Amino acid sequence: MTKGPRFTPLVDRLPAAVPFVGPETQERERGRPFVARLGANESVFGPSPRAREAMANEAAETWKYGDSLSFDLRTELAAGLGIAPENVLVGEGIDGLLGYLVRLTVAEGDNVVTSLGAYPTFNYHVTGYGGELIKVPYRDDCEDPDALLAAAREHDAKLVYIANPDNPMGSWHSAERIQAMIEAVPDGTLLVLDEAYLEFAPEGTAPAVDPDDPRVIRMRTFSKAYGLAGARVGYAIGAAPLIEAFNKVRNHFGMARISQAGALAAYRDAAYLAEVQEKVAAGRNRIAAIAQANGLSTLPSAANFVAVDCGADGDFARRVLAELIARDIFVRMPFAAPQDRCIRVSVGTEPELDAFEAALPQALAAARG
Ligand SMILES: Cc1ncc(COP(=O)(O)O)c(C=O)c1O
């Protein structure tokens with residue numbers, strides 16, 4: 001027998017992967033920083049000052065492990081939703097919770113349905129546990145509930161994933177449409193409703209939370225509107241037996257104390273959240289105005305980013321993206337056609353959007369050759 005680890009057959013079969021080339025990696029490769037960080041849908045406005053203070057205070061206590069139940073945060077989140085703590089689970093961002101969920105439900109060879117070009121981290125977890133991904137196309141730049149459900153039915157899927165609002169297009173469905181989707185989930189399938197951007201969406205986007213409905217698990221996060229992406233705090237909302245099952249596999253001490261304290265203080269600061277929501281709405285308008293001034297259109301967005309339609313095919317949008325990056329503007333873009341005719345621009349600070357405004361005409365000219 002050779003020295004060293006013996007990987008599982010599944011891991012041996014998986015292709016080598018670099019899941020995510022983050023902006024820091026790009027900066028190291030480029031040898032210089034970006035001037036505008038508009039590519040990761042973070043909240044450039046940062047966390048609430050109260051969250052910062054709470055995290056600073058908690059720093060001295062960080063020799064202790066965090067509360068493995070995230071009791072205080074879980075209790076307040078549940079109270080805010082008008083449900084029991086048994087229906088809420090705090091975890092290491094939506095990404096971490098998605099990983100646990102897939103581990104709980106997907107065995108090798110099981111089918112999972114998502115949209116072609118939807119949030120890729122979910123796919124990464126599915127593949128990592130040996131699941132088979134079935135991808136259905138977007139319809140009119142929206143994830144397509146009917147097609148997702150039809151595929152789930154046809155392939156006896158364990159999970160069907162939808163983000164509402166959607167990343168990367170910023171599109172969204174009404175609460176009624178999503179509730180109808182929940183009602184139509186086939187037996188044996190769990191709907192994963194990713195609501196990472198919910199706080200930026202208009203009223204009437206999220207169906208009422210029914211904590212005992214076993215057909216759906218909802219995921220929310222402190223990474224977006226609450227400005228705590230680097231703290232890694234998300235939560236799942238679901239029926240008590242499903243939430244309880246996470247205890248079989250989750251990392252019980254995965255939550256940092258500083259993150260728990262920051263999220264709790266952020267959640268309590270509704271006034272700051274409202275401020276961020278206003279700034280994001282204004283930022284979306286500014287991105288649309290910048291695009292329009294350059295002869296480009298934008299898609300309506302219920303998130304903290306805007307898909308800018310570059311007006312041609314994916315190759316052209318990829319050239320625009322590369323030219324923006326060359327001008328120190330960090331942006332990303334959808335990777336599936338025809339959504340890849342767009343670039344995706346996160347709301348930035350005024351100076352960052354000034355930099356985008358200055359770079360865009362040059363990038364377009366360079367991309368047109
Ligand atoms: C749709 C969607 N879900 C989840 C996440 C990740 O959330 P978290 O930071 O809580 O892991 C993102 C981040 O970009 C996202 O776009």
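For Val306, nonlocal amide neighbours, meaning residues 5 or more places apart or on other chains whose placed amide H falls under 5 Å from its own, are Val345, Ser346, Val347. Annotation: amide H of Arg139 within the under-5 Å range of Asp144, sequence separation 5 or more or interchain, hydrogens built in the peptide plane. Stretched out straight at 0.36 nm per residue, the stretch from Ala175 to Thr25 would grow longer than its current Cα-Cα span by 50.2 nm. Listed peptides 347-356, 25-34 appear in the order 347-356, 25-34 once ranked by packing, highest mean of other Cβ atoms within 10 Å at the front.
Take the Cα of Ala17, go 7 Å toward its beta carbon, and the backbone nitrogen atoms of segment 127-165 under 14 Å from that spot belong to 127-134.
Once you divide the Cα radius of gyration of segment 24-73 by 2.2 N^0.38 Å, the number left is 1.69. Label-to-label distance for Ile182 and Ala107 is 2.9 nm, based on points extended 7 Å past Cα in the beta-carbon direction. Only the Cβ atoms of Lys and Arg (+1) and of Asp and Glu (-1) were treated as charged; on that basis the dipole of segment 1-145 about its Cα centre amounts to roughly 580 debye. Electrostatic bookkeeping for Glu183 treats Lys and Arg as +1 and Asp and Glu as -1; over the other residues with beta carbon under 14 Å from its beta carbon, the sum is -2. Here the Gaussian network model covers the chain, with springs between Cα atoms less than 10 Å apart; of Thr105, Thr189, Thr298, Thr105 fluctuates the most.
With point charges of +1 on the Cβ of Lys and Arg and -1 on the Cβ of Asp and Glu, referenced to the Cα centre of the chain, which listed residue (His173, Leu273, Ala201) lies farthest in the positive direction of the dipole? Result: Leu273, furthest along the dipole toward the positive end.
Overall, the chain carries a charge dipole of about 1100 debye about its Cα centre when +1 sits on the Cβ of Lys and Arg and -1 on the Cβ of Asp and Glu, all other atoms neutral. In units of the rule-of-thumb radius 2.2 N^0.38 Å, segment 97-223 shows an alpha carbon radius of gyration of 0.96.
For the chain, the alpha-carbon coordinates run over 56, 56, 50 Å along the three principal axes, in decreasing order. Straight-line cross-link reach from Lys279 at under 18 Å between alpha-carbon atoms covers these aspartates and glutamates, not counting any fewer than eight positions away in the same chain: Glu42, Glu199, Glu203, Asp269, Glu350, Glu352, Asp354, Glu357. Computed about the Cα centre, the dipole magnitude for segment 49-268 is approximately 740 debye when only Lys and Arg (+1) and Asp and Glu (-1) carry charge, each at its Cβ.
Amide H contacts of Thr221: Tyr235, each under 5 Å away and 5 or more positions distant or on a separate chain (H built 1.01 Å from N in the peptide plane; Pro and chain starts excluded). Of interest is the spacing of the C-alpha centroids, which for segment 160-185 and segment 29-53 amounts to 28 Å.
Mean residue ellipticity at 222 nm, helices only, the chain: -12500 deg cm²/dmol; runs of at least 4 DSSP H residues each add -39,500 (n - 2.57), and the sum is divided by the number of residues. Note that segment 49-268 carries a Kirkwood radius of 17.6 Å, evaluated over its alpha carbons pair by pair.
Normalised Debye scattering of segment 255-369 at q = 0.10, 0.12, 0.18, 0.20 Å⁻¹ gives log10 I(q)/I(0) of -0.36, -0.49, -0.86, -0.99, counting only Cα atoms as equal scatterers and leaving out solvent. Backbone phi angles across segment 191-208, fed through the Karplus curve with coefficients 6.51, -1.76 and 1.60 (θ = phi - 60°), yield HN-Hα couplings of 7, 9, 9, 8, 10, 4, 9, 3, 5, 9, 8, x, 3, x, 9, 9, x, 4 Hz in residue order; Gly and Pro are listed as x.
When only alpha carbons are used to place a centre, segment 219-244 and segment 252-290 end up 13 Å from one another. Cross-link check: pairs Lys64/Lys224; Lys135/Lys248; Lys135/Lys158 evaluated at a Cα-Cα cut-off of 20 Å; pairs beyond the cut-off: Lys64/Lys224; Lys135/Lys248. The phi torsions of segment 285-295, fed into the Karplus equation with coefficients 6.51, -1.76 and 1.60 and a -60° offset, translate into couplings of 5, 5, 4, 4, 5, 4, 4, 4, 4, 9, x Hz, rounded to whole numbers, with Gly and Pro shown as x. 3J(HN,Hα) couplings calculated from phi for segment 75-90 with the Karplus curve 6.51 cos²θ - 1.76 cosθ + 1.60 (θ = phi - 60°) are, in sequence order, 5, 6, 4, 5, 4, x, 8, x, 10, 8, x, 4, 9, 10, 10, 8 Hz; Gly and Pro show x. Using a Förster distance of 56 Å, how high is the FRET efficiency between Glu86 and Asp313, based on the Cβ-Cβ distance and rounded to 0.05? Once the sixth-power term is evaluated, E becomes 0.65. Between Arg139 and Arg52, residue separation times 0.36 nm minus the direct Cα-Cα distance comes to 27.2 nm.
Bear in mind these aren't lab numbers, they're just calculated from the coordinates by the rules spelled out. Bear in mind that the values here come from a model prediction, so they are computed numbers and not experimental data. Here the Cβ is made from the backbone with ideal geometry for all residues, glycine too, and neighbour counts use every protein chain on show.
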